[in-house]
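Structure record follows, encoded as structure tokens.
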Amino acid sequence: MSDKWKPRKVVIVGAGAVGSTFAYALAQSGLADEIVLLDANHELAMGQVLDLAHGQAFFPSVQIREAQAADYADARLIVITAGAKQRSGEARLELLQRNAKIIYDIIDDIVRQESTAVVVIVSNPVDILTYVAHERSGWRRGRIIGSGTVLDSARFRHLLSQHCGVDVHNVHAYMMGEHGDSEFAAWSMTNVAGMPVEQFCHLCLKCDDWRAARRKIADDVKHSAYHIIEYKGATWFAVGLALTQIAAPILRNQHGVLTVSSVLEGEYGLNGVSLGVPCIVSREGVEQVLQVKLSPDEQSALEKSAGVLREIIEKLTLSPSSQSKPKGA
Ligand SMILES: NC(=O)c1ccc[n+]([C@@H]2O[C@H](COP(=O)([O-])OP(=O)(O)OC[C@H]3O[C@@H](n4cnc5c(N)ncnc54)[C@H](O)[C@@H]3O)[C@@H](O)[C@H]2O)c1
């Protein structure tokens, strides 16, 4: 073995439903050499580690163990799914402040360890927390990214595939903007079986009113998380797989195009906000934000989404203890 060989270590912070499902999907993917789990609840982390490790005979070789903060130092990828649960009667902004504090503390630990990893934020509200994590770290923007609308785009592709009667792998489609209510379907970029969606609609003749069908599909994408939460309290399977899709180009330097949440620096005429836009993702994290020519309606939807997020960022205040910023890497 060469002295230069370094394991592809992935640290997952937060070993709850999303973190553990991602760990399970990642273990089966064969993308990582080491998967280490860190959670404020040590018993939970240990339970998840043992349960996963007992499956090692059934997936490609990978080390699975509990993490320490020191594991940040030589990790290739750190995925943060840690989050607080909403207390009874707690306002969304108060919950956001508590989650922002959790993210700040984790980012401080990562910076202190002089980590060179790419960091992916998953905890909600993901776009806001990605922005505050980026600000806190002082790192270049591409190294701290959010899961953005990767999951929403997968939901969009699934619903389009069902509607058009075409395999999901023959559907390319992106949701953009906030991972939340102000997101929108980028119809101008939607492609079915190698054709722009308009062309496919003329060929297929399945729906009487394609405009109404499109509105319904886009609405259903936006509401899908609410339906799942009504049924079972939270979502974890599809997001776990979406995170594996984000991990792949980072661990394999694949240059995949994904609508991760990236801090914008003038792209689409926007600054001071992080949201889901198509990006080229490699071992560097976001290597390039693709500035696609959107339709006027889509451009204004993106600006509206950025406005919604900026308004929340401006309301955010952090306690003095969380404002002593460590030296950025
Ligand atoms: N971005 C997306 O597409 C997406 C999709 C689904 C869920 N989520 C979000 O992912 C987050 C996790 O969801 P979940 O269902 O796994 O929740 P969960 O409650 O099951 O797990 C969260 C875990 O974080 C841990 N934690 C809290 N503070 C911590 C800290 N400071 N350090 C380490 N661990 C800490 C808790 O102990 C808990 O085990 C939530 O914010 C959820 O809204 C995001």
Checklist outcome for this item: Residue hits (segment 164-203; free of Cβ contacts under 8 Å to residues at least 24 places away in the same chain, more than 27 Å from Gly269 (Cβ to Cβ) and part of a strand (DSSP E or B)) are Val171, Met195
Checklist entry - Out of all the residues in segment 53-61, is one or more within 12 Å of the ligand (Cβ to nearest atom) and touching a helix residue (DSSP H, G or I) at 6+ places or on another chain (Cβ under 8 Å)? => result no
Checklist entry - Among the residues of segment 280-316, which ones are more than 16 Å from Pro125 (Cβ to Cβ) and assigned to a loop (DSSP other than H, G, I, E, B)? => result Arg283, Glu284, Leu290, Gln291, Val292, Lys293, Leu294, Ser295
Checklist entry - Considering only segment 165-215, how many residues are surrounded by 14 or more Cβ atoms within 10 Å (Cβ to Cβ) and within 16 Å of the ligand (Cβ to nearest atom)? => result 9
Item to check | Selection count, segment 82-139, where residues are within 11 Å of the ligand (Cβ to nearest atom), outside any helix (DSSP H, G or I) and either more than 19 Å from Ser274 (Cα to Cα) or among the small types (Gly, Ala, Ser) (or both) | outcome: 6
Item to check | Unmet requirement for Ser161, which otherwise passes all of (1) part of a helix (DSSP H, G or I); (2) small (Gly, Ala, Ser); (3) in contact (Cβ under 8 Å) with a residue 12 or more places away in the chain | outcome: (3)
Checklist entry - Given Ala247, Ala218, which one is small (Gly, Ala, Ser), more than 16 Å from the ligand (Cβ to nearest atom) and at pLDDT 95 or above? => result Ala218
Checklist outcome for this item: Among residues of segment 112-158 being of a type in the set (Lys, Arg) and free of Cβ contacts under 8 Å to residues at least 60 places away in the same chain, the residue surrounded by the fewest Cβ atoms within 10 Å (Cβ to Cβ) is Arg140
Checklist entry - Listed residues Ala25, Ala45, Ala15, Ala40; which is away from the ligand (no atom under 13 Å from the Cβ) and of a type in the set (A, V, I, L, M, F, W, C)? => result Ala25
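The values are calculated or read from the model by the stated rules, or taken from the named source; none is laboratory data. Predicted model only: the values in this text are computed from it and were never measured. Cβ coordinates were reconstructed from backbone atoms using ideal geometry, including for glycine residues, and neighbour counts include every protein chain displayed.
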